[in-house]
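Peer 1: Take this structure first; my questions come after.
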Amino acid sequence: MCDLWKNTLTHTVPIGAIPRQIDYALLQLRSRPGQIKLYNSGSFFDPAAIPLVDYPAIAQAVAVANHVVVESHPRLVGEKALRLRDLLPGTLEVAMGLETVHPQVLPRLNKKFTLEHFSRAAGFLRRNEITMRAFVLVKPPFMDEEETLEWAVKSAAFAFSCGATVVSLIPTRPGNGAMEHLMKTGEFSPPRLATLEKALELSLNLRGGRVFADTWDLEQFSRCPACFEPRRQRIHAINLTQQLPPAVDCPACGGT
Ligand SMILES: [Zn+2]
């Protein structure tokens, strides 16, 4: 559903390469981050992606942070998460792509997990004092704009019911090849900015935890140049404050 495959290697990197890369990245920063996300365009706990023998050096490289977030497919969550947790001086969080709880759409995304897998992985993390965040797709392929809002909020509610402390709403974007193909066949079109904004509001109103909307390259979802910037600023403000400022009133588009 994303273009991360473009950064995905078909071979395992040499031992030591990942800790070195983290050291290099941290050297570029002028400050010591309190939190670090290690997103690897895949699953941290996939041993073909992150060699197990690198865990101690990785943990040492990120030891400046008191909280570390890694991403993983739900079915790869297990003993390796405990191993990483035990190596970190601070706390560990695992981000998992829930994508959607829509019973027809989720299987068609071919992510090879069920809600049962997700909920089991979430339970494992919770029992082991590892926090969890969920990625939810706003308007995945095979979903109409009209049902998008409902299923984004249902998905956020499911993630919170599984113990997620954060839900990250990702507007589904073209750009990975497969999405362009599905656009041609009429099975995918990107969500509207107003839909993402509303999904953020309603998911936040669940009061289940923090909710963020991914604002990367946001302009492509806007149909109205007059209100794009105030809307972007509003979404950004919601991300930062977890409060809802007044809605943007746009005479040009009427807020659609
Ligand atoms: Zn407008």
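The values are calculated or read from the model by the stated rules, or taken from the named source; none is laboratory data. Because the structure is predicted, anything quoted here is derived from the model rather than measured. Methodologically, a virtual Cβ is constructed for each residue, glycine included, from the backbone with ideal geometry; neighbour enumeration extends over all protein chains shown. Heads up: the accessible areas ignore ligands, DNA and RNA and are worked out on the full protein's heavy atoms, side chains in. Shrake-Rupley method; radii C 1.70, N 1.55, O 1.52, S 1.80 Å.
Yes/no matrix, rows are residues, columns are (1) among the hydroxyl-bearing types (Ser, Thr, Tyr); (2) at pLDDT 95 or above:
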residue	(1), (2)
92	no, yes
99	no, yes
107	no, yes
113	no, yes
161	yes, yes
164	no, yes
177	no, no
185	yes, no
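Peer 1: Continuing with the same structure: Which of the following residues is in contact with a Ser or Thr (Cβ under 7 Å, 6 or more places away or on another chain), without any contact (Cβ under 8 Å) to a residue 60 or more places away in the chain, more than 16 Å from the ligand (Cβ to nearest atom) and open to solvent by 20 Å² or more (accessible area, probe 1.4 Å): 214, 144? Please lay out each step first, then the result.
Peer 2: On the way: 144 fails: in contact with a Ser or Thr (Cβ under 7 Å, 6 or more places away or on another chain).
When all the criteria are applied, what remains is 214.
Peer 1: Among the listed residues 196, 202, identify the single one that is closer than 22 Å to residue 250 by Cβ, surrounded by fewer than 20 Cβ atoms within 10 Å (Cβ to Cβ), among the aliphatic types (A, V, I, L, M) and at pLDDT 95 or above. Step through it out loud before you land on a result.
Peer 2: On the way: 196 fails: surrounded by fewer than 20 Cβ atoms within 10 Å (Cβ to Cβ).
Every option except 202 fails the conditions.
Peer 1: Within the stretch 121-132, can one find any residue that is in a strand (DSSP E or B), closer than 30 Å to residue 66 by Cβ and open to solvent by 10 Å² or more (accessible area, probe 1.4 Å)? Walk me through how you get there before you give the answer.
Peer 2: Of the residues in the stretch 121-132, the ones in a strand (DSSP E or B) are 131-132.
Checking the rest, the ones that are also closer than 30 Å to residue 66 by Cβ come to 131-132.
Narrowing further to those that are open to solvent by 10 Å² or more (accessible area, probe 1.4 Å): 131.
Yes - at least one qualifying residue is present in the stretch 121-132.
Peer 1: Just the residues that are more than 21 Å from residue 252 (Cβ to Cβ) and open to solvent by less than 30 Å² (accessible area, probe 1.4 Å), please, taken from the stretch 174-193. Quick ask: steps written out before the conclusion?
Peer 2: Of all residues in the stretch 174-193, those more than 21 Å from residue 252 (Cβ to Cβ) come to 174-189.
Correct list: 175, 176, 179, 182, 188.
Peer 1: State all residues of the stretch 220-245 that are open to solvent by 80 Å² or more (accessible area, probe 1.4 Å), at pLDDT 95 or above and within 16 Å of the ligand (Cβ to nearest atom); if no residue qualifies, say none.
Peer 2: Within the stretch 220-245, 233 is the sole residue that qualifies.
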